[in-house]
Amino acid sequence: MLRLILMIFLCITGLTNVYGDTAIIVPDTMAERVRACTICHSAEDKAGRDAYYPRIAGKPQGYLFNQLRNFRDGRRYYQPMVILLENMSDEYLLEIARYFSLLQLPYPAPEQIHMQPEEIKRAERLIYSGNPDKDIPPCSACHGDVLMGIEPAIPALLGLSRAYIAAQLSGWRNGSIMRSQTPDCMSEIAKQLSDDEADAIAKWLASQPVTGESRPLSALLPELAYRCGQIIPANGGAR
Ligand code: HEC
Ligand code: HEC
């Protein structure tokens, strides 16, 4: 009888408990579970393009999965993320990667960066033609003609801040990040860039708007895929 009264009481009072506090019922969705992540990788991009936090929404699943494993396994270092990821299984990281890869959010406006005409030329030449003398393929050959990445594991180069791009390039160049197992194509390519070239590229990329086709393309030429070894597995990054 007492149970019945209690049940009726709970029905009448809806989501309140016997003490009158509102019970918080959190739905167990992926969006809720990744709340700790979206504080920094936020939907609204509240910190603006100058912020260091990279955008992750809409990046290829295999790429995101590789990065999550890199942070968890110590190949890429950022302590607040390591703490969150250290006990997560590969299966769960793949689920998180899938969630963010399917998330579609508007892109922020490009950064306003002043560049000299010769600096623009230098950046565009490297990005679209590369430098055969130094064995640098065009960035667009791997990152796609519109630089929005290629499935399953190559990220977009647009929609990122200058500070973030510059930090990744310098991390590869000075060897302080070892994101991937060998052969590590980006590390080899970045090491061939001079300071001025890396700087011009970071500025140019960050000042481009994202228009039109903003989803990653779906195939990489085999002769370029071999340079990146295990980064581009046939199964999209899943083990
Ligand atoms: C305290 C802020 C913060 C939190 C919380 C955080 N991140 Fe990050 N995340 C960053 C920063 C900063 C970087 C870039 C670090 C670097 O330079 O390597 C990053 C990088 C990444 C990258 C690589 C992006 C790329 O383009 O290479 C992924 C993927 C990612 N985070 C996913 C997550 C997920 C999933 C969570 C939640 C489990 C999370 N992050 C929580 C700040 C954060
Ligand atoms: C041979 C293929 C290839 C070429 C050419 C290439 N990249 Fe990459 N790039 C990759 C791969 C693969 C990754 C992902 C690396 C990883 O998983 O750690 C990447 C990642 C990046 C990232 C990290 C993006 C992020 O979200 O963190 C930047 C920045 C980048 N490349 C810049 C460049 C620039 C600039 C050039 C031209 C000078 C270039 N890449 C040429 C294959 C390539």
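May I ask you to sort Thr29, Thr38 by Cβ crowding, counting other Cβ atoms within 10 Å and putting the fewest first? List each step's numbers first, then the result.
Numbers: Thr29 9, Thr38 15.
Sorted ascending by nearby Cβ count, the order is Thr29, Thr38.
Once you charge only the Cβ atoms, +1 for Lys and Arg and -1 for Asp and Glu, what is the size of the charge dipole of segment 30-227 about its Cα centre, to the nearest 20 debye?
Values: 22 positive and 25 negative charges, 70 e Å.
In total the dipole reaches around 340 debye.
Ranked by Cβ crowding within 10 angstrom, fewest neighbours first, how are Ser42, Ser89 ordered? Kindly include the intermediate steps, with their values, before the conclusion.
Values: Ser42 15, Ser89 9.
If I rank by nearby Cβ atoms, fewest first, I get Ser89, Ser42.
Amide H to amide H, which residues 5 or more places from Asn131 or on other chains are under 5 Å from it, using H placed in the peptide plane?
Ile136
Short version: ³J(HN,Hα) in whole Hz for each residue of segment 134-148, in order, from phi by Karplus 6.51 cos²θ - 1.76 cosθ + 1.60 (θ = phi - 60°), x for Gly and Pro, what are they?
My calculation for segment 134-148 gives 9, 6, 9, x, x, 4, 5, 5, 9, 8, x, 4, 9, 6, 9 Hz in order.
May I ask you to sort Lys121, Lys59 by Cβ crowding, counting other Cβ atoms within 10 Å and putting the fewest first?
On the way: Lys121 13, Lys59 23.
So the residues, fewest neighbours to most, are Lys121, Lys59.
Bear in mind these aren't lab numbers, they're just calculated from the coordinates by the rules spelled out. These numbers were taken from a predicted model, which means no experiment stands behind them. Counting neighbours? That spans all protein chains shown, and the Cβs are built from the backbone with ideal geometry, glycine included.
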